[in-house]
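Below is one structure, written out as structure tokens, with a few remarks after it.
The values are calculated or read from the model by the stated rules, or taken from the named source; none is laboratory data. Only a predicted model underlies this, so the values are computations on that prediction, with no experimental measurement involved. Quick reminder, even Gly has a Cβ in these numbers, built from the backbone with ideal geometry, and neighbours come from all protein chains shown. Heads up: the accessible areas ignore ligands, DNA and RNA and are worked out on the full protein's heavy atoms, side chains in. Shrake-Rupley method; radii C 1.70, N 1.55, O 1.52, S 1.80 Å.
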Amino acid sequence: MAGKPKLHYFNGRGRMESIRWLLAAAGVEFEEKFIETPEDWDKLRSDGHLMFQQVPMVEMDGMKMVQTRAILNYIASKYNLYGKDIKEKALIDMYTEGIADLSEMIIVLPLCPPDQKEAKIALIKERTTDRYLPVFEKVLKSHGQDYLVGNRLSKADIHLVELLYYVEEIDPSLLANFPLLKALKTRVSNLPTVKKFLQPGQPEETSHR
């Protein structure tokens, strides 16, 4: 029997967080190997495990996988979170890419120079309420189903709910005009595997929630 997936990253959310979310939603327990010192980083690179000299890296099913979206697609495919056919997969990919566009703006915010931060936050708020969240609210309204695609949980729902948590950290009022998205957030957050992941008292990598 294969062991738990092992996640190699720094002790923070960053680009590993969506991988944690997806594994948790799939009910897969995982281990974390944090890069805490320059020596840890040098060893990981010198061992030849990082194809492009970058993390995240996930050891899973005998592979050492890199590149965040490739890892996410593998997990989603393995655990039936990627739609029932190629049309559903295409929809999931479109939604996920839109989610990633906004997520990327938020993820890099801590790296923003202080004198530019206020403008960046204002742009994020504008894009959140005028460009991205209206799309997903409209999708849910158009078919009246619980999830974005095929009325079943997919990676698109999980990535979107993770994004909604980020958005609320910036300003909870940004979700005020999106009742269906708030309902989706509650629905996904209360799934047993996700709820376990989100509960306080879990390992440090989830304690921010």
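Tabulated data for the structure shown
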item: Hits in the stretch 51-75 - residues which are of a type in the set (S, T, N, Q) and either surrounded by fewer than 18 Cβ atoms within 10 Å (Cβ to Cβ) or assigned by the TED database to the domain that holds GLY98 (or both); result: GLN53, GLN54, GLN67
item: Of residues in the stretch 1-26 being more than 15 Å from the chain's Cα centre (by Cα) and either open to solvent by 20 Å² or more (accessible area, probe 1.4 Å) or β-branched (Val, Ile, Thr) (or both), the one farthest from PRO192 (Cα to Cα); result: PHE10
item: The stretch 136-162, residues that are within 14 Å of LEU81 (Cβ to Cβ) and charged (D, E, K, R); result: ARG152, LYS155, ASP157, GLU162
item: Within the stretch 103-197, helices (runs of 4 or more DSSP H) holding 3 or more residues that are touching a strand residue (DSSP E or B) at 6+ places or on another chain (Cβ under 8 Å), open to solvent by 60 Å² or more (accessible area, probe 1.4 Å) and of a type in the set (A, V, I, L, M, F, W, C); result: none
